[in-house]
Amino acid sequence: MSEEKGSLPVVTHLPNTPAITPELVAEHGLKPEEYDRFLKLIGREPTLTELGIVSAMWNEHCSYKSSKVWLRTLPTTGPRVIQGPGENAGVVDIGDGQAVVFKMESHNHPSYIEPYQGAATGVDGILRDVFTMGARPIAALNFLRFGDCHNPRTRRLLAGVVAGIGGYGNSFGVPTVGGSVGFHRRYNGNILVNAMAVGLARTDEIFYAAATGVGRAIVYLGSKTGRDGIHGATMASAEFGADAEEKRPTVQVGDPFAEKLLLEACLEIMKAGCVVAIQDMGAAGLTCSAVEMGAKCDLGVELNLDAVPCRETGMSAYEMMLSESQERMLMVIADGKEAEAEAIFRKWGLDFAVVGHTTDTLRFVVKHQGRVEADLPIKELGDEAPEYHRPHADPKPRPVIQPADIRPPGSVADALERLIGSPDLCSKRWVWEQYDHLILGNTVQRPGGDAAVVRVEDGPKALALTTDVTPRYCEADPFEGGKQAVAEAWRNLTAVGATPLAVTDNLNFGNPEKPEIMGQFAECVKGIGAACELLDFPVVSGNVSLYNETSGQGILPTPAIGGVGLIDNLALAMTLDFKAAGEPVYVVGKSVGWLGASAFLATVCDREEGAPPPVDLLAEKRNGNFVRQLIHDGVLTAAHDVSDGGLLVAVAEMAMAGRLGITLEAPPAGMDPYAWWFGEDQARYVITLPSSQSIEVLRKAQAMGVAITKIGKTGGDRIVIPGSDRAVTLERLRDRHETWLPIYMGAS
């Protein structure tokens, strides 16, 4: 059977291709009603290639069909925002004709199946998203979550993911400057590997994916196409079962050296004025990149797959359209610039092939070996994708945990040592020392602090970068957890002296078809939106990763936030380490001793329960602005935000970093000592300053309505805790902090 379309027939039943059966449709991730929707759209039975195309365009990973109704509620604009969501990456003005370009994306499912290549190609793809916009990447970060450390797979997955991130980033030549690593049994069957990249561009040299002009050449650039990664996007839109290992062929293989060549060639071709539009071949490869380029400007696209450079023989149109081979770009070339563009790419040893052209038909036509393999309405492939208002159940509120309800084993000193050496709070040096965090020579603050700091060219400006979320808060109260993720990113940037600019997000959740999971997602997004709105911290890019489940067991709701801030004068950047003996130490912000959903409760008391701390966004803004102003005025000698583990863990981290102890003051009268030292009240910072500045700082705090309490004085080689059975030496504390992860990874 065939149907005439233009000069060549659309052959719906090709030799040696399977019939389109309900089983085949289901294998492509389409529900019966979605397939019926597609049939009504095209008015006939599709070819196998067309089925593959729509399965890619309409899956969760590419269409956001379960999430976009909620994503539209997020604040995405601001006076500095040049480009918000909808392009390869977000773009924010940082002054002097410069812009920061950044985005975060997930590679969760591939990294569980094949950890090295899954993580490596996660870095690969996010770097392309940034330099596709015309930016040179200057930093990479990540957000990683693994299963219970007693799970037999966890060690292998951690080792493979870290090696993949380091192997790709180090070889490509971009510093990996920050991130987050945590463990929980709910990630046993679904680890999280979220990669973030940050680049610099000129504000008048930003490049976009929207094609313009009829009859212009569409050019394939970069590496050759292979069979790796076919159905990668579809696999990323499905939950796992017992067959996870069988999905290994859907994981892409990356080549960082080819990507480096692609970066240089793309930046050179952009500089030469050859580029009208450019799109990374990421999820769903040639399919999504070609459709998006045409649809964004109401143009049609015609592709001739005979011209696609392939590294394997006998590839079908279906395979070429769905391959997710890495290090590839699609570009619309300016009229008359084809020869110049090709010369640049050939110089860099990369493939350059004219594979199609733009049309005025609003059709997406794919030809191969004399046949029309696909002829589809190009805008409807995106516009008519299903959009679900999925049922969502309101999360059940948890009770507030009172200190009287807790009977912790051991003393405050015992609890501190246990927390500081726990899998979540121990030093992640073993991880970040495998990354080249100094290459390019602009890393000012290395991993391990509140936020990474990277110099902008020769300075004096710098960017502060962080990735944050507390999944146990999001599980306990998704709305407050979403707010807290943004607030913590805002605090981490503030603590190094940066003005927070904007965020990218990576929303990792379970199966959205379950009302309780969709309820978590909706409430987290509401919380993120509320925090971004009040803190003037817009969302400019991001990613949604759903169906993070294995055999019905979902991950903790994990909406990771990547924050970017600007430091106008690098000389005023702040660090967290104690600097000198005899300095007073203060906590900024109100402390009531909130222990629900805390690290103390989970790690020391082995209890995961209770409501998380509420997030007062007005207090966050007021306290953060106060601390940032003190930093800019040159008053403070150290600053650190208070988060996991509470006040005493924050103090211990500052003491270990500065190799200088502290004598602490007793908790306020009537305050339970465990609640005081380990409560996770929000909107708090620990600061140090010269004694001579104390009166003025206290006066400013009172004038601004900021709570501030003296908690101790620096000095000595130990942490002296009033009422505890013993002091804790820094040597013992550092040993506990630094050794857990190396011992764990070195164990047989």
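Dividing the radius of gyration of the alpha carbons in segment 589-728 by their Kirkwood radius gives 0.96 for Rg/Rh.
Round to the nearest 0.05 the FRET efficiency obtained for Ala404 and Glu384 when R0 = 60 Å and r is the Cβ-Cβ distance.
Between Ala404 and Glu384 the formula returns 0.55.
Is segment 44-131 best put as rounded, prolate or oblate by its Cα gyration tensor, with a ≥ b ≥ c the root eigenvalues, rounded for a/c under 1.5, and otherwise prolate when a/b is larger than b/c, oblate when not? Cα axes put segment 44-131 in the oblate bin. In the chain, the DSSP-assigned H stretches of four residues or longer account for a calculated mean residue ellipticity at 222 nm of -10000 deg cm²/dmol, using -39500 (n - 2.57) per stretch and the full residue count as denominator. When all protein chains stay in place and ligands, DNA and RNA are ignored, the 1.4 Å accessible-area order of Cys310, Cys532, largest first, is Cys310, Cys532. Whole-percent P(r), segment 560-631, all Cα pairs, 10 Å bins from 0: 13, 31, 37, 18, 1. Taking a virtual spin label 7 Å from the Cα of Ala581 along the C-beta vector, which residues in segment 692-719 bring their backbone nitrogen under 12 Å of it? Label zone hits: 714-718. Give the residues of segment 44-68 whose amide nitrogen is closer than 19 Å to a point set 7 Å from the Cα of Gln369 in the direction of its Cβ. Correct set: 47-53.
Glu384 exposes around 80 Å² of accessible area when a 1.4 Å probe is run over every protein chain in place.
Computed over protein heavy atoms with a 1.4 Å probe, the carbon and sulfur contribution to the accessible area of segment 431-498 reaches 44%.
Between rounded, prolate and oblate, where does segment 246-358 land on the alpha carbon gyration tensor, with a ≥ b ≥ c its root eigenvalues, rounded for a/c under 1.5, else prolate if a/b exceeds b/c?
oblate
For segment 406-448, count the residues as N, evaluate 2.2 N^0.38 Å, and divide the Cα radius of gyration by that value, please.
1.75
Here the extension length gained between Asp36 and Met704 equals 234.4 nm, from 0.36 nm per residue of separation less the Cα-Cα distance.
Using a/c under 1.5 as the rounded threshold, could you call segment 693-748 rounded, prolate or oblate? The axes a ≥ b ≥ c are square roots of the C-alpha gyration tensor eigenvalues, and prolate needs a/b larger than b/c, oblate otherwise. Judged from the Cα gyration tensor, segment 693-748 comes out prolate (a/c at least 1.5, a/b above b/c).
A dipole drawn for segment 45-93 from +1 and -1 charges on Cβ atoms has a positive end, and of Thr47, Trp70, Met57 the residue lying farthest that way is Trp70.
Out of every Cα pair in segment 294-434, what percent are spaced more than 23 Å from each other?
Considering segment 294-434, 65 percent of its Cα-Cα pairs are separated by more than 23 Å.
If you wrap the tightest convex hull around every Cα atom of segment 604-650 and split its volume per residue, you get 74 Å³. Maximal additional length on extending the Met671-Leu362 stretch stands at 104.4 nm, based on 0.36 nm per residue less the C-alpha distance.
For the chain, take the longest principal axis of its alpha carbons; what is the angle in degrees between that and the long axis of helix 32-42, to the nearest 10 within 0 to 90? Helix 32-42 sits at roughly 50 degrees to that axis. Largest first, the residues Asp148, Asp124 sort by 1.4 Å accessible area into Asp148, Asp124.
Treating r as the C-beta distance of Arg311 and Thr739 and R0 as 35 Å, the FRET efficiency rounds to 0.15. Across the chain, the volume of the C-alpha convex hull divided among the residues equals 145 Å³ per residue. Which of Tyr674, Gly712, Ala701 sits closest to the plus end of the dipole of segment 669-722, meaning its Cα is farthest towards the positive end, when Lys and Arg get +1 and Asp and Glu get -1 on the C-beta? The listed residue farthest towards the positive side: Ala701.
Assigning unit charges at the beta carbon (Lys, Arg +1; Asp, Glu -1) and nothing else, what dipole magnitude in debye, to the nearest 20, does the chain show about its Cα centre?
1580 debye
Over the Cα atoms of segment 137-194, the radius of gyration divided by the Kirkwood radius equals 1.03; this is the Rg/Rh ratio. Against the criterion of solvent-accessible heavy-atom surface with a 1.4 angstrom probe, Glu731, Glu457, Glu653, Glu583 sort, most first, into Glu731, Glu457, Glu653, Glu583. Within straight-line reach of Lys347, meaning a Cα separation under 24 Å, sit the following lysines at least 8 residues removed in sequence or on another chain: Lys224, Lys260, Lys271, Lys337. Residue-wise HN-Hα couplings along segment 129-137, as the Karplus relation 6.51 cos²θ - 1.76 cosθ + 1.60 with θ = phi - 60° gives them from phi, are 4, 7, 7, 4, 7, x, 9, 8, x Hz; Gly and Pro carry x.
Checking the Cα-Cα distances for Lys514/Lys590; Lys461/Lys579; Lys296/Lys428; Lys379/Lys461; Lys461/Lys526 against a 31 Å cut-off, the pairs over it are Lys514/Lys590; Lys296/Lys428; Lys379/Lys461; Lys461/Lys526.
Would you mind getting the accessible area per residue of segment 561-718, heavy atoms of the protein chains only, 1.4 Å probe, in Å²?
Per residue, segment 561-718 has an accessible area of 34 Å².
For His150, the solvent-accessible surface with a 1.4 Å probe is about 150 Å², rounded to the nearest 10.
Legend: calculated FRET efficiency, Val592 to Lys396, from the Cβ-Cβ distance at R0 = 25 Å, rounded to 0.05, equals 0.60. Remark: segment 77-149 carries 22 Å² of accessible area per residue (probe radius 1.4 Å; ligands, DNA and RNA excluded).
Entry comment: accessible area of segment 286-377 is 34 Å² per residue, from protein heavy atoms only and a probe of 1.4 Å.
The values are calculated or read from the model by the stated rules, or taken from the named source; none is laboratory data. Keep in mind the model is a prediction, meaning the values are calculated, not measured. Neighbour counts run over all protein chains shown; Cβ positions are idealised from the backbone, glycine included. Note: accessible area is taken over every heavy atom of the protein model, side chains too, but ligands, DNA and RNA are not part of it. Shrake-Rupley method; radii C 1.70, N 1.55, O 1.52, S 1.80 Å.
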